[in-house]
Every structure is written in structure tokens, then in C-alpha cells.
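What follows is a short report on a single structure.
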Amino acid sequence: MRTLNLGILAHVDAGKTTLTERLLYSAGVIDEIGSVDDGNTQTDTLALERQRGITIKSAVVSFGLGDVTVNLVDTPGHPDFIAEVERVLGVLDGAVLVVSAVEGVQAQTRVLFRTLRRLGIPTLIFINKIDRAGAAGSRVLCAVADRLTPAVIAMGAPRGEGTRGADCSAYGANDRAFVARLAELVAEYDDAILADYLADEAGLSYDRLMAALTAQARRALIHPVFFGSAMTGAGVGQLTDALTELLPAGDGTADAAGPVSAAVFKVERLSAGEKIAYARMFSGTLRARDVVRIGAHRAAKVTSISVFERGGASQSEYVAAGQVGKLGGLADVRIGDTLGVPHGPLAGQHFPPPSLETVVTPARPRDKGALYAALTQLAEQDPLINLRQDDVRSEFLVSLYGEVQKEVIAATLADDFGLAVTFRESTTICIERPAGTGAAVEVIGQAPNPFLAGVGLRVDAAPAGSGSDLRLEIELGALPFSFLKAVRETVDKTLRQGIYGWLVTDITITVTHSGYYPRQSHAHGHFDKSMSSTAGDFRNLTPLVLMDALSQAGTVVCEPIHRFDLEIPADTLGPVLPMLARMRAVPFEQMTHGSLCLVTGNVPAAAVGQLRPLLLSLTRGEGVLESVFERYERVHGKIPVRARSDNNPLNRKEYLLRVTRGVAEL
Ligand SMILES: Nc1nc2c(ncn2[C@@H]2O[C@H](COP(=O)(O)OP(=O)(O)OP(=O)(O)O)[C@@H](O)[C@H]2O)c(=O)[nH]1
Ligand SMILES: [Mg+2]
């Protein structure tokens, strides 16, 4: 028995949920096809998804194809919910990237495909909606080759596009142009075929070429392209065959005896409050009543297991390598947790972090406690909302990808928790990067250092996107491990709020000096805290030294910049261009296709929210704007400052006062 964990990814409205429904129907799991527009599909089950006709959460369904069980994850396409896509990427064996034959390759399509490629996830491309007016499969195929990757091959040709009867005919051994393209493409990645191709192109057998295509598609080198309509079912049979032929279904039997290793990619709460964790098993076998390690430091007993198998998830005594299970009993579990031993590739963030934040306020002030509890639960399911409490103003802050996410949070709080909330206007989340080099040192036993610890730190700028890195220029072992750990943890915590209150990143921190007093004991043998260094001394001192060094280096505040794709009626370009300039947008490409004009460029994330309504009013409501994060760029002009939410090591006097009073919780 083999398992294929398959993701369906695409830009918003491309037809992922409709395709999922069609695949379930073809496989005989459902007798009637539900529709997104009627709000009765298998994967859009949340009330909010049904009302709005968009997917908000990733959902798993399962069906059988021959000897393969396919666990399909239907993901949301709206960029505000990209965090949901993020979480499933690490558990996929393969993916189908859906592109609409009408709307074509969009900014979000590129973002998703780039990530699938980077992670080496074998991906088939399905050009959907060939039945819809305006469908242009071959144009979209060219755009795929041009804007996604040249390593694509069409496996068939659409017929009667733009009509209800549109269909797709599969290519075969007799289609000479297809065979020629196939030979050319697979030869690029296979030296033996290349040699034979050069010697005698006609001598290469079709079977050999198809075998090479299978091998290369399964290694994510080549991406076969299919055409069809999820709505009418045209072309879906060919795609279904390809799922098992061209994607790598795993045979878990070999790994089932290994150590347990699984990744949690979804957490649900049942109405009774019990948490259910969706986990993909990479190795081993997990049984009900097993105690499993969660992350590095937690453990819990699995009280119930159900496994996805040809339909819904059904109760099982165990879940084994390759499978996806729903696990009960893990009260502490969070999305992204590893169960058992860690599995390499899941770690790390694949998409940029949210670039907006907002303050959430309860409509009734007395609901504050309930709101915090509710937001904490939401953060369990979506850690990227990064719930924070501003102690000074006693406010709750969440991070967001966009305004639609705000509406969803408000609706969830109202429906599931009975809480009415308002949001303050979203503001952009900036970052700080060191402007140069800075160093500071506090020597143990020397005023003005009040702590029994010595720390010297140097900070240097590091390349964009590299995060933060702590290095040692002291001898290994010069500082006991627990003290070093305290320094490391406090550095991370301190960097969350730089000179202007933003996360400091793209920075190298070097420990240049250290000092401590070893454990001192009195004659009667008791440990004397007033003479011996503790981890607390290092935790209290490090923020002071780090902020000293950072102040010397100075920081540059950078704001998130989006790349935008804009589609407008060509006759509206006149008023749109000056409006873009006012919004600080910088167009770098402009193309006219018939009556439409496509403009691409960069725009500060902060301006995107205002840009949308202006655009609609200038384009008779026809303008379509897509924007995705591209990079951070230095803010010119007024530097945005974020209020600090803890005591401030930049203000030494106040900091020391609070620390020594024990007010600070560092
Ligand atoms: N004509 C036509 N319409 C389609 C097809 N596939 C989907 N649709 C319609 O397109 C709209 C969006 O379909 P969904 O399946 O919700 O798209 P999605 O990709 O799941 O959307 P999100 O999950 O919100 O990103 C719905 O109105 C569907 O009925 C198709 O093949 N042909
Ligand atoms: Mg959907």
C-alpha cells in the first residue's frame, strides 16, 4: 500500500477547491459534486468559507487510486492566508499547481511555484477553467514557460476552449511534435539519453522517453502540464492518472519500523475544547496510548488516532510512516511541532513574515481577559499572528498579512467565542538592520556594571535575509554552557526591539569577552549567590551590552516593499500612473494586450491598502491589483518608531532600577 501526500496550490479562485471536489467524485468518495458557489464542498467546511466562497484554512481529504491512498490538502489561495500554505509545504510528497486559463500566471502563482521549486517538491501544473469565456490555454502555457520555468511540457492540447464542451486530448506516441519536445527536454537531465539523442534522435523509444519523464518529474526536475476544467471534469481523468504515474507515492513499510518522526501541520479544537493534531508521519509507527515527544522539551500520551484512508479519517490503532493521522490527547501541541525525532526539511520559514500589525480591542472593556484567552487559542492554530501584549498600554497586538485576515479574525472571535472586537488601522511592520559596526563591554567587578557577569559584544551588519547569527570570539569552554545559553537567549529576545522598537535582523553578534565568578561556598558549604555568577546575571547584563553596541553601530529602519501586478483597461492608464506615483509606487514594466494594460513594479506595503480603492475608482471597478512581498528597503524621510512593550535597556538608569527591583522579567 502506498501513500501520496498531495498539496493543491494556486492563486485565489483558480479552482483548487472545485478540483478537489471533482477528484473526490471521480474516485467514488462522494456521489454528488458540491460547489463552492453553493457552499457545500468537502473541504470548505467553515461557516465563513461557505459564506464567502473562499478557502481560509487548509483541509485534508483522502481518496484511493489503484494501490495508492492520496491524502489531498486543499490550501487557500488568498495571499492573506499564505501561512496556511506554509505549514503544509513540509509534509508534501508532491503538488498540483493550478493556474486559471483565463487569469493566467499571477504574482501569487510565482511566489508559490518558486517555493515549491526551492523545496524540491515534485509539481504537476493544471491549467484550469478551459471551459470559461476568455480561456487561452496556449497563451497561459507560454506564460508558465516564460514566468515560472522552461522545464515544462504540455501533456495534451485543449479543444473548444471558452465553451462548455471544452475538452483536452492527451498526446501520445504518434504526436511527433510532442515526442520531439519530450526527447529534447528529458535529454537535458539524462546524459545517456542525451548521447543517444545526439547519435540518433529517431532511435529513442517512446517508452524510454516516458520512463525518463516519470523519473524526472518525480525528482521535481520537469513539470508536466495538463489542461482541463474542474467544473465540467474535462481533462481531470488525465490529471488523475498522472498523480500516481508522475508523482512519487511513498511505500512506508520500510520506514515503519524506524524511530517515530512526524510533523504537525494543522491543529483543530473540537467543540469540547479537545485539541486534534494533524500529523504527517515520516518514519516509525505511533500507537494509541504511546507517549510521544513533542518538540524538544514536551511529551504527551496519544489518546486517540484516526488515519486518512479513502474517504474521511477513520479510527485506527496506529499511524505509520507515510500516512497522515489525526491525533488526540496532545494538549500542549502547536502547529509546526515535531513529534519524536526531528525531520530535517520542515524547519524554517518559506514565505516572508506578515508585514502588517494591528491592535485588537474588545467592544466591552470587561471582555479583555476573555479576548486574550481567545486570541491565545487562535495563535495556537496560526502562530504567525504573533500575539503580543503591550504592557505599557495594556493592549493586544497581532501581525497580519492583510485586511481580509482581519475580517476573518473578527468573525471567528464573534462566532466561536462570542466576542465583538474592533481593530485599529493596520500599520506596517518594519525591521532594523545595523548601519555599521559597534562594540561594548562590561567587565565583571568594574563599575558601572552591577551584575556578577562580564560580557563583551560586537555587532556587524550581515547580508539581507540572513537573520541573526551569534558567534564566539572567546574560547570554547571559557564560559559555562548555562551562562552562554543565557546570553544566547537574551540576545534573541533583546533583538526583538531595536533602537526604534523594530526587530533587528541581518546582524552578526560576536561574543568578544566574558567573565564570571565560579560557585563560591562558605565554610559551612552553602552556595553564596552574592559571590557567584548566575545565569540571571548574564540575562540581566546582556541587553545593556547589546543595546550599547547597537547604539554605536546605529540601525537603519527598513519597510517591506511589495512587487505589484496591475491589470487595468488601457484607456485608464492616464490617471492611474500619477496616482501610482503619489502612492510611492515605482512601475518598471508596462505592456498592452488589446484593451488591457499590465503594469508591474514595486510599492511600499504600507501603500497597498490605500491603493486598492483608489484604483477601483479610477478604473470603473475593473482594475485588478496583486501584490506580494519582495524585500525590505530603507525608509526615507520620517522614521517610524514602534512603542516598546517591555522595559527599555536603552535607558540604562530606568532599566537598572526595574531589574534590581525585580520588576523586569528578563
Ligand atoms: N467555469 C469554470 N469555473 C470554475 C472552474 N473551477 C472553478 N470555477 C469557479 O471559480 C470560482 C473559484 O473556485 P474555487 O474552487 O473556490 O477556487 P479556489 O482556488 O479553491 O479558491 P480559494 O480557495 O479561495 O483560493 C468558483 O466560482 C468556481 O465555481 C472551472 O473549471 N470552470
Ligand atoms: Mg479553495
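Which residue, of Pro640, Pro587, is within 30 Å of Leu544 (Cβ to Cβ), surrounded by 13 or more Cβ atoms within 10 Å (Cβ to Cβ) and under 31 Å from the mean Cα position of the chain (by Cα)? Step through it out loud before you land on a result.
On the way: Pro587 fails: within 30 Å of Leu544 (Cβ to Cβ).
Exactly one of Pro640, Pro587 is within 30 Å of Leu544 (Cβ to Cβ), surrounded by 13 or more Cβ atoms within 10 Å (Cβ to Cβ) and under 31 Å from the mean Cα position of the chain (by Cα), namely Pro640.
Being over 24 Å from the mean Cα position of the chain (by Cα) and assigned to a strand (DSSP E or B): is that true of Ala257 here?
When the stated conditions are applied, Ala257 does not pass them.
Kindly list, by first and then second residue, each pair from a residue in region 5-25 that is on the phi > 0 side of the Ramachandran plot to a residue that is of a type in the set (Ser, Thr, Tyr) and within 7 Å of ligand 1 (Cβ to nearest atom), limited to pairs with Cβ atoms under 9 Å and residues at least 6 apart or on different chains.
Here the result reads Gly15/Ser229, each pair linking region 5-25 to a residue that is of a type in the set (Ser, Thr, Tyr) and within 7 Å of ligand 1 (Cβ to nearest atom).
Would you be able to tell me the number of residues in region 457-499 that are surrounded by 17 or more Cβ atoms within 10 Å (Cβ to Cβ) and in contact with a helix residue (DSSP H, G or I) (Cβ under 7 Å, 6 or more places away or on another chain)?
Adding up the residues that qualify gives 11.
Closer than 15 Å to Leu596 by Cα, within 34 Å of the chain's Cα centre (by Cα) and surrounded by 22 or more Cβ atoms within 10 Å (Cβ to Cβ): which single residue out of Leu566, Leu546, Leu550 fits that description?
The unique qualifying residue is Leu566.
What strands (runs of 3 or more DSSP E), lying completely within region 557-666, carry at least 1 residues that are in contact (Cβ under 8 Å) with a residue 40 or more places away in the chain? Spell out the reasoning first.
Working: elements: 586-593, 596-604, 624-634.
Once the strands (runs of 3 or more DSSP E) in region 557-666 are filtered for at least 1 residues that are in contact (Cβ under 8 Å) with a residue 40 or more places away in the chain, what remains is 596-604, 624-634.
Can you name every residue in region 173-207 that is within 30 Å of Ala133 (Cβ to Cβ) and in a loop (DSSP other than H, G, I, E, B)?
Asp175
Do we have any residue at all in region 103-115 that's more than 20 Å from Ser627 (Cβ to Cβ) and out of contact with any His (no Cβ under 7 Å at 6 or more places or on another chain)?
Start the filter on region 103-115 by keeping residues that are more than 20 Å from Ser627 (Cβ to Cβ), which leaves none.
No, region 103-115 contains no residue that is more than 20 Å from Ser627 (Cβ to Cβ) and out of contact with any His (no Cβ under 7 Å at 6 or more places or on another chain).
Would you mind finding the one in Ser271, Ser306 that is modelled with pLDDT of 95 or more and either of a type in the set (Ser, Thr, Tyr) or under 22 Å from the mean Cα position of the chain (by Cα) (or both)?
Just a single option satisfies the conditions, and that option is Ser306.
Taking only region 136-165 into account, find how many residues are within 25 Å of Leu112 (Cβ to Cβ), touching a Gly at 6+ places or on another chain (Cβ under 9 Å) and assigned to a loop (DSSP other than H, G, I, E, B).
2
Could you tell me whether Ala279 is farther than 26 Å from Val29 by Cα, outside any loop (DSSP other than H, G, I, E, B), out of contact with any Asp or Glu (no Cβ under 6 Å at 6 or more places or on another chain) and modelled with pLDDT of 85 or more?
On the way: farther than 26 Å from Val29 by Cα: no; outside any loop (DSSP other than H, G, I, E, B): yes; out of contact with any Asp or Glu (no Cβ under 6 Å at 6 or more places or on another chain): yes; modelled with pLDDT of 85 or more: yes.
When the stated conditions are applied, Ala279 does not pass them.
Only one residue in Leu24, Leu48 is out of contact with any Asp or Glu (no Cβ under 7 Å at 6 or more places or on another chain) and either near ligand 2 (Cβ under 10 Å from one of its atoms) or farther than 19 Å from Ala414 by Cα (or both). Which one?
Values: Leu48 fails: either near ligand 2 (Cβ under 10 Å from one of its atoms) or farther than 19 Å from Ala414 by Cα (or both).
On inspection, the qualifying residue turns out to be Leu24.
Would you confirm whether or not region 157-178 contains a residue that is in contact with an Asp or Glu (Cβ under 9 Å, 6 or more places away or on another chain), within 18 Å of Gln216 (Cβ to Cβ) and without any contact (Cβ under 8 Å) to a residue 40 or more places away in the chain?
Within region 157-178, none of the residues are in contact with an Asp or Glu (Cβ under 9 Å, 6 or more places away or on another chain), within 18 Å of Gln216 (Cβ to Cβ) and without any contact (Cβ under 8 Å) to a residue 40 or more places away in the chain.
Identify, by number, the condition in (1) under 19 Å from His11 (Cα atoms); (2) away from ligand 1 (no atom under 11 Å from the Cβ); (3) assigned to a loop (DSSP other than H, G, I, E, B) that Ser35 doesn't meet.
(2)
I want to confirm something. Restricting to region 60-79 and keeping residues that are surrounded by fewer than 20 Cβ atoms within 10 Å (Cβ to Cβ) and not charged (D, E, K, R), which single residue is farthest from ligand 2 (Cβ to nearest atom)?
Top of the filtered list is Gly66.
Scan region 130-153 residue by residue and report those that are in contact with a helix residue (DSSP H, G or I) (Cβ under 9 Å, 6 or more places away or on another chain) and within 18 Å of Ala230 (Cβ to Cβ).
Passing the criteria: Ile130, Val144.
Just name the residue that is surrounded by the fewest Cβ atoms within 10 Å (Cβ to Cβ) out of those in region 99-133 that are in contact (Cβ under 8 Å) with a residue 60 or more places away in the chain, of a type in the set (Val, Ile, Thr) and more than 16 Å from ligand 2 (Cβ to nearest atom).
Step by step, filter region 99-133, then rank; the result is Thr115.
Identify all residues within region 190-214 that are touching a residue at least 12 places away in the same chain (Cβ under 8 Å) and of a type outside the set (Ser, Thr, Tyr); write none if there are none.
Those that are touching a residue at least 12 places away in the same chain (Cβ under 8 Å) and of a type outside the set (Ser, Thr, Tyr): Asp190, Ile193, Glu201, Leu204, Arg208, Leu209, Met210, Ala212, Leu213.
Which condition number in (1) within 13 Å of ligand 2 (Cβ to nearest atom); (2) closer than 27 Å to Glu245 by Cβ is the one that Leu4 fails?
(1)
Could you list, ordered by first residue, the pairs with Cβ atoms under 8 Å in which the first is in region 52-81 and at positive phi and the second is modelled with pLDDT under 95 and within 16 Å of ligand 2 (Cβ to nearest atom), at least 6 apart or interchain?
Hits for this filter: Gly53/Val36; Gly53/Asp37; Gly53/Gly39; Gly53/Asp44.
Taking into account only those residues within region 1-23 that are under 26 Å from the mean Cα position of the chain (by Cα) and within 15 Å of Gly235 (Cα to Cα), which is farthest from ligand 1 (Cβ to nearest atom)?
Taking the candidates together, the pick is Leu23.
Please state which one of Gln446, Gln405, Gln381 is out of contact with any Leu (no Cβ under 9 Å at 6 or more places or on another chain), of a type outside the set (D, E, K, R) and surrounded by 14 or more Cβ atoms within 10 Å (Cβ to Cβ).
Within the list Gln446, Gln405, Gln381, the selection yields Gln381.
Checking Glu442 against (1) touching a residue at least 60 places away in the same chain (Cβ under 8 Å); (2) closer than 30 Å to Arg634 by Cβ, which test does it fail?
With (1) touching a residue at least 60 places away in the same chain (Cβ under 8 Å); (2) closer than 30 Å to Arg634 by Cβ applied to Glu442, the lone miss is (2).
Residue by residue, here is whether (1) part of a helix (DSSP H, G or I); (2) hydroxyl-bearing (Ser, Thr, Tyr); (3) over 30 Å from Gly609 (Cβ atoms) holds:
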{"site": "Arg293", "(1), (2), (3)": "no, no, yes"}
{"site": "Ala296", "(1), (2), (3)": "no, no, yes"}
{"site": "Ile305", "(1), (2), (3)": "no, no, yes"}
{"site": "Val319", "(1), (2), (3)": "no, no, yes"}
{"site": "Gly325", "(1), (2), (3)": "no, no, yes"}
{"site": "Pro353", "(1), (2), (3)": "no, no, no"}
{"site": "Val360", "(1), (2), (3)": "no, no, no"}
{"site": "Gly369", "(1), (2), (3)": "yes, no, yes"}
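Is region 235-244 home to any residue that is crowded, with 23+ Cβ neighbours inside 10 Å and assigned to a loop (DSSP other than H, G, I, E, B)?
Checked against the condition, which is being crowded, with 23+ Cβ neighbours inside 10 Å and assigned to a loop (DSSP other than H, G, I, E, B), region 235-244 yields at least one hit.
How many residues does region 389-402 hold that are closer than 11 Å to Phe81 by Cα and of a type outside the set (Gly, Ala, Ser)?
So the answer is 2.
The values are calculated or read from the model by the stated rules, or taken from the named source; none is laboratory data. Since the structure is predicted, the reported quantities are computational estimates derived from the model, not experimental observations. Heads up, the Cβs are rebuilt from the backbone with ideal geometry, glycines too, and the neighbour counts pull from every protein chain shown.
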